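Only one structure is covered here, and it is reproduced in the block below.
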Amino acid sequence: MADVLKMANDSKADEIVILLDCCHSGLLGNAPELNNEMAVLREGISIITASRGNQMSVEVDGGGLFTSLVLDSLEGGAADILGNISIPSIYAKVEAALGAWDQRPLLKAHVSKVIAIRKCEPPVSIKLLRELPNLFPLPAEDYDLSPEFEETSDFCIKEKIEIFSKLQKLNRIHLVVPNNAKHMYDAAIQSKSCKLTAAGRYYWRLAKEGRL
């Protein structure tokens, strides 16, 4: 483990990620007993280990449980709305999944920015996210609905059905929620409204600032 850590600290690579699935893997990165004059992790290094330094690493079906969870995360389980997968998001997924096991993963990092280590297909298009300021001129403003937005209604209007389809897509990824209604359909039929969630307001600002 000391050799691996030295190679990482000496490397000229800007960003290094170490994933370690073995028993007692949490010891990687601990301060050495001697010659402790430099930082244990230089800037740009992230480590996720399968277990703490005093724990075993669980195996299931002939393979490491931690490894299978990391693979699931990299295949899209840890992707954000933009399709980006980062070390913190991988750790969050793995840590939550291992809650029922007697094994706790560790995340050790010395980073000044969170980078995407893999890009997946986002759940909605970037084009739709960029439309948030058009749908909601103000982030805290409600969007009034009516039966005209619901295609099964006798009063539906084509242009409003298209808008409602966009709002429903945003609802499925928890950026928009109906007001005083269980579902977006109910909000439309009952002439209620919908609004941006906290996450929705965050992406609204990114879109408004041209950062998407």
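For K113, the aspartates and glutamates whose Cα comes closer than 12 Å to its Cα, not counting residues fewer than 8 places off in the same chain, are D14, E15, E43.
How would the stretch 2-119 be classified by its alpha-carbon gyration tensor: rounded, prolate or oblate, with rounded meaning a/c under 1.5 and the a/b versus b/c comparison settling the rest? Note, shape of the stretch 2-119 comes out oblate. Restricting the GluC sites (Glu not before Pro) of the stretch 37-80 to loop positions (DSSP other than H, G, I, E, B) with no more than 13 neighbouring Cβ atoms within 10 Å leaves E37, E43.
The alpha-carbon of K119 sits under 28 angstrom from the alpha-carbons of these lysines, leaving out residues fewer than 8 places away in its chain: K12, K93, K108, K127, K166, K169, K208. Amide H contacts for C120 (H built 1.01 Å from N in the peptide plane; partners 5 or more residues away or on another chain; cut-off under 5 Å): N84, I85.
Based on the mean of other beta carbon atoms within 10 Å per residue, what is the order of 8-16, 88-96, 118-126, most packed first?
Answer by packing, highest mean first, reads 88-96, 118-126, 8-16.
Only beta bridges with both residues in the stretch 2-119 are counted; by DSSP, about 65 percent of them are antiparallel.
Loop-located chymotrypsin sites (Phe, Trp or Tyr not before Pro) in the stretch 116-165 (DSSP state not H, G, I, E or B) with no more than 13 neighbouring Cβ atoms inside 10 Å: F155. Here the gap between E162 and E131, fully extended at 0.36 nm per residue and compared with their Cα-Cα distance, gives a gain of 9.9 nm. Spatial offset of the stretch 69-135 relative to the stretch 142-212 amounts to 25 Å, using the alpha carbon center of each. With contacts taken as Cα pairs under 8 Å and at least 6 residues apart, the stretch 101-177 reaches a relative contact order of 17 percent. Here the residues I117, I47, ranked from fewest to most Cβ neighbours within 10 Å of their Cβ, fall in the order I117, I47.
No value in this document is a laboratory result; all are computed from the given coordinates. It should be emphasised that the depicted structure is a prediction, and the values quoted were computed from it without experimental measurement. In this analysis, Cβ positions are derived from the backbone assuming ideal geometry, glycine residues included, and neighbour counts consider all displayed protein chains.
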